[in-house]
Structure formats: C-alpha cells, structure tokens
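Here the structure is laid out as structure tokens; the discussion comes afterwards.
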Amino acid sequence: MIGNDWDLLLKDEYNKDYFKKLQKFVIEEYKTKTVYPKMSEIFNAFTKTSYENVKVVIIGQDPYHGENEAEGLSFSVKVGIQKPPSLINIFSELKSDLGIDPPNHGSLVSWAKEGVLLLNATLTVVKDTPKSHSNKGWETFTDEVIRLINKKEQPVVFILWGSDARSKKYLINNKKHLIIESAHPSPLSAYRGFFGSKPFSKTNDFLIKNNIKPIDWKIKDI
C-alpha cells in the first residue's frame, strides 16, 4: 500500500471491514467524480515520511479541494500552484519565528523529508467540496496513525492548529512527546493566537533538548 515501515504497522487496519468499505467508496468516487489528490498521491505523507523518521506531526483537516492543488501533504500545494492563505500565514510565522524567507512555491515536500509527517485527518476530497469525504472511514485510519506515533519511544512534536487538529489531543498521552497547539493559520483565526506562537523554534528547541537533529525548516526556491 505505502512501501515502507508503515505497511507492517498498519496491516491490521488494511484488513478491517471499515477500511475495505473505505477503499471501495474511494475507488468509486475517483471513477465518477473529480477527487484530489491524485490516487497515486493519497498516501504521500507516509511515503515521504516513514514511521521511523517521524519527528514532528502537523495535522490538517482534509486536502485542498481546488484544481490540482493537493499533493497528499497537509497544508502543502504543488509547485506552480498559488499559495493558499493559510500557507501564506504559515510562511509568515516562519519568517517571524526563525527569520526564514518564504520560498517561491508552496510545496512542503522538503519538510516531509526532514521528518515532518504532514497528516490530514481525511486523505481525499471531491473537487470544490470541502469535507466531502469526512466520516467515511479516513478519520478512523488516521487516528490509528496518531496512536501508533504516540507509542514511539523517541520523543515527537505534535503541532495542532485549530479546533479540528486539537480534537486529536486525547490520542496523545505519551509524556515523552510535546504538543504545540494554537489557533488555525487561516485568515479567519490566525490573529487569535497563531501569529506569534513560534511553533518552529519551539519544535527545534525540544528536539535539540532530546538529542534529536532539529528540522531544517528552510525550503529551497524552485
């Protein structure tokens, strides 16, 4: 399914009734509607960040629903696609926090390769219809992913932006881990606690304190 250590960890989920029903539903949706991301990119968050390499988890809601925006990573858009407002605000906070200038594109693939699992609670969406694949089984699957990461011996940083992400907090009870939570970076809420929250420096301070290589948050221009 994924092609790395996630497959062994998730094999029981693949065989559960809810996941088989989810698979059938998603395949039919791709046949009859325009669904994002591409089917081959649904599990990009996992292929780009193996379980072993997870240092940070950033939880999103569902993929971007605009044409060709989503690439299977939360908050990330493909190179050449206009940056969405939430991502612009994320880059603004990155500049304020660490002095890192925004890249000329919106792809967060380099973060994924650094060990940042960019996990959406729902992994697919119908074009122009946010939350269209919510409550179909994806949340059961991604909740299990969070539980698995919670079991890791190595400390992990969970970044929870907004109420949807913060609702997953109950799944994280390992005291080794760090939870960073704030308002969502959306323009509707960014000024209510996202700006000035310094999630990037707090993450790296925690990783360094635990003798883990910090994240290189700088994204190269393309």
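Pairs linking a residue in region 80-94 that is farther than 18 Å from Asn68 by Cβ and of a type outside the set (Ser, Thr, Tyr) to a residue that is part of a helix (DSSP H, G or I) and open to solvent by less than 20 Å² (accessible area, probe 1.4 Å), with Cβ atoms under 6 Å and 6 or more positions apart or on different chains, are Asn89/Ala190; Leu94/Phe200. Within region 144-186, being among the aromatic types (Phe, Trp, Tyr) and surrounded by 17 or more Cβ atoms within 10 Å (Cβ to Cβ) holds for Phe158, Trp161. Would you call Tyr14 under 20 Å from Glu139 (Cβ atoms), free of Cβ contacts under 8 Å to residues at least 40 places away in the same chain and open to solvent by less than 50 Å² (accessible area, probe 1.4 Å)? Yes: the conditions hold for Tyr14. State whether one or more residues within region 87-105 are charged (D, E, K, R), more than 24 Å from Phe19 (Cα to Cα) and either at pLDDT below 95 or open to solvent by less than 10 Å² (accessible area, probe 1.4 Å) (or both). Scanning region 87-105, I find at least one residue that is charged (D, E, K, R), more than 24 Å from Phe19 (Cα to Cα) and either at pLDDT below 95 or open to solvent by less than 10 Å² (accessible area, probe 1.4 Å) (or both), so the answer is yes. Tell me, please, whether a residue that is over 20 Å from Ile222 (Cβ atoms), open to solvent by less than 80 Å² (accessible area, probe 1.4 Å), aliphatic (A, V, I, L, M) and in contact with a His (Cβ under 9 Å, 6 or more places away or on another chain) can be found in region 27-43. Yes. Looking at region 62-78, can you tell me whether even one residue there is open to solvent by 20 Å² or more (accessible area, probe 1.4 Å), in contact (Cβ under 8 Å) with a residue 12 or more places away in the chain, part of a helix (DSSP H, G or I) and not hydroxyl-bearing (Ser, Thr, Tyr)? The answer is no; no qualifying residue exists. Residues in region 31-50 that are assigned to a helix (DSSP H, G or I) and in contact (Cβ under 8 Å) with a residue 40 or more places away in the chain: how many? Looking only at that region, the number is 5. Scanning region 187-217 for residues that are out of contact with any helix residue (DSSP H, G or I) (no Cβ under 7 Å at 6 or more places or on another chain), of a type in the set (A, V, I, L, M, F, W, C) and open to solvent by less than 50 Å² (accessible area, probe 1.4 Å) yields a total of 3.
The values are calculated or read from the model by the stated rules, or taken from the named source; none is laboratory data. The shown structure was predicted, so the numbers you read here are calculated from the model rather than taken from an experiment. So basically every Cβ, Gly included, is an ideal-geometry build from the backbone, and we count neighbours across all protein chains shown. For the accessible areas, the whole protein counts, side chains as well, though only heavy atoms, and no ligand, DNA or RNA atoms are used. Shrake-Rupley method; radii C 1.70, N 1.55, O 1.52, S 1.80 Å.
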